[in-house]
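What follows draws every value from the coordinates through simple rules; no lab data is involved. A quick note: this is a predicted structure, and the numbers were derived from the prediction, not measured. Cβ placement follows ideal geometry from the backbone for every residue including glycine, while neighbour counts extend to all protein chains displayed.
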Amino acid sequence: MIKKVLIANRGEIACRIARTCRKLGLEVATVHSSAERFARHVREIGESVEIGGAAPAESYLRIDAIVAAARRVGADAVHPGYGFLSENADFVRALDAAGLTFIGPRAETMERIGGKASAKIEAQRAGVPVVPGSPGGMKDPAEVLRLVRSMPLPVLLKAVAGGGGRGMAVVETLDGLEGRIESAMREAEKAFGNGELIVERYLPRVRHIEVQVAGDGQGQAIHLFERECTLQRRHQKVIEEAPSAGLPEPLRQAILADAVKLAASVEYRGLGTVEFVVAGDEYFFLEVNPRLQVEHPVTEEVTGLDLVALQLQIADSGALPLTQDEVRCTGHAFEARLCAEDPAAGFLPATGRLQLVDFSRAGVRIESGVESGDEISPYYDSMIAKLIAHGPDRDAARRALLAGLRASTVIGLPTNLQFLQELLEWPQTRDASFHTRLIDERYAPGAAAASAAAPGSAVPIEHLAAAALYWHGQWRAQTPELGCWTLGGLTGWRLNTGAIAPAPQPALVLKQGASEWPVRFSGVTAQGSYRLRIGDEEIEATQRQIGAGRYLLLCKEHALELTICGASEQIELASALGTAVLSATSYLGGAASDAAASGQLLAPMMGKVVAVKAQTGDAVVTGQTVVVLESMKMELHVTAPFNGNVSSLRCQVGDMVERHQVLAEVSPV
């Protein structure tokens, strides 16, 4: 009988698993890396063992360290969560040898269906339709290259041991193919310890449907209905829902039946997910995820089941605690993945400190692994939280999630919060006419949606006014008292007589991206407000602090509560109108502040230099890769901005670099 569980994971999933363990009366402990000694999952769970360095290969992927940690805390079972070692058969065997219960499938089952190549073979044996392509995994880049060249494009490269879009690449042209194959293999090796790839026919404009299954390990299996995971960006799920939307009932029943058939054929034990792609009235097996999924909460919401509790019950008893007839699907549920990333910069992940994270008014289920003041590290994924909403029907659930996102506040890093709100309002999301490439197509370079996402494209005047008044308050607080020269009602060199009007000279310039707004202040009116000229618009506004980081703006007969953080030079704010990050520069000191060294290659985010493709003196052309960074299991290519020569190189392989650090310089020819 299980008494104490070690959670071999981090972040929100560790916190979520611990919650159910405690509800069932089980003791719980966890693990952490040297970079996460004070992480939320460590604080919340209360007992944790440090298992190595910051990089996953030095900690969360170390089988020996996790087995030792389980023994140290007196655990008799280990829950792997998702990612890391959750699909590693060697890990399961190591736990078996140590007399510890693995909360998941047997090692032999994992070997049969955990890898994409082996799972494809098992699906064919069970009579489940599969996508045409390579029969198994491939280790030799030259072999992959030959196969891709022999197939009609586009084709898909997939990491055998991967998941979540890592180590995947769509090949639409043969240009640069060798480098793309090597990059996909490197990503897969670093993220999963296995660089093997499979090659498949790429099916554009498909839907992604997955079925939650549960098995007793003796040939009995059931389904817990399906999830719609079609809204993806670069093969990574963004918004999920349950059940699927608008799937014809005969097609739905066929998919559910095939998922159960496959699970039963391999005597699956525990919870797993069988994934399919749907093209018209056809469907094809994609892969099996022999673990808990990130998006499992939507299934919990529509079935009323606690899936972690179900995992624990199966692991403890070796039996299914319910039959297929007892599983019901009620209403509809949506989940959104809120991440630290910048939609205006191609959804580039962001790292650093979260100044404020507030879901207190969201009114929906929140699963999060961070709080205000926590760090988003370059070593792990950039997810801040999952927001989950349930409703009696699909549109009610969608609207509830939309309202929850609008009521959420995250300040300190760029996020996809605004993008998620827009995505839920897209016509294709409303009527479920979406496909897996919808987001990538709309946000491709040069596309209308990508242009619309450019920074500074639409900052509400209320946000500009709030930022200006916040800057003014910060500036006043830093200015020593100088008698009449610093009276609150005076804001510049003028006589305090006559009509109250904005000064003729700007005091401040607010900027976001390529947009800027000079700001002129008046003195304080009799009503305690300021007249501001922001760009070409003149308004009267009052702002009062009503709590820590919270302000109330009265502007244009409109009261608006905002959260504002930052120093006077950079101001971040959020309200019901959205979020904004603005730089604030005193007018007299702003002329030279935008000077940038032409040809400097800057690190787009914090990361590790994994390759240097050019040396000092080398000739380079526009778009040629000079430096390759690795961050959050992804490779980022820093390229030459124009034709020229590398005039200096300021990094080497193995260096950890900060965001915006100069990596190299290119001089024009």
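Listing for the model above:
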read-out: Rg/Rg_globular for region 217-327, with Rg_globular taken as 2.2 N^0.38 Å and Rg from C-alpha atoms; value: 1.06
read-out: Eligible lysines near residue 556 by straight Cα distance, threshold 23 Å, same-chain separation 8 or greater; value: 511
read-out: Antiparallel bridges, percent of DSSP beta bridges restricted to the chain (to nearest 5); value: 90 percent
read-out: Taking region 204-339 and dividing mean pair separation by its residue count, relative contact order in percent (alpha carbons under 8 Å, at least six apart); value: 30 percent
read-out: Percent RCO, i.e. relative contact order, over the chain, from Cα pairs under 8 Å lying at least 6 residues apart; value: 9 percent
read-out: Rounded Å value of the spacing that divides the Cα centres of region 246-302 and region 17-39; value: 29 Å
read-out: Qualifying aspartates and glutamates (Cα of each under 12 Å from Cα of residue 3; at least 8 residues distant if same chain); value: 27, 76, 316
read-out: Sorted by Cβ density within 10 Å, fewest first, the residues 471, 426; value: 426, 471
read-out: The chain - mean residue ellipticity at 222 nm from DSSP helices (-39,500 (n - 2.57) per run, n ≥ 4, rounded to 500); value: -7500 deg cm²/dmol
read-out: Too-long pairs where the Cα-Cα distance tops 23 Å, listed order kept, from 190/261; 190/386; 4/116; 120/261; 23/261; value: 190/261; 190/386; 4/116; 23/261
read-out: Point-charge dipole on Cβ atoms (K/R +1, D/E -1) for the chain, about Cα centre, debye to 20; value: 620 debye
read-out: For Cα extents along the principal axes in Å, calculated from these coordinates, the label among (1) 147, 59, 46; (2) 89, 60, 52; (3) 94, 64, 59; value: (2)
read-out: More than 15 angstrom apart: percent of Cα pairs within region 4-103; value: 54 percent
read-out: Likely footprinting exposure, 276, 521, 334, fewest C-beta neighbours within 10 Å first; value: 521, 276, 334
read-out: Relative contact order (%) - criterion: Cα under 8 Å, at least six apart; region: region 211-256; value: 30 percent
read-out: Additional length obtainable on full extension of the chain from residue 150 to residue 395, 0.36 nm per residue less Cα span; value: 83.7 nm
read-out: Neighbour-count ranking [beta-carbon atoms within 10 angstrom, fewest first] of 639, 409; value: 639, 409
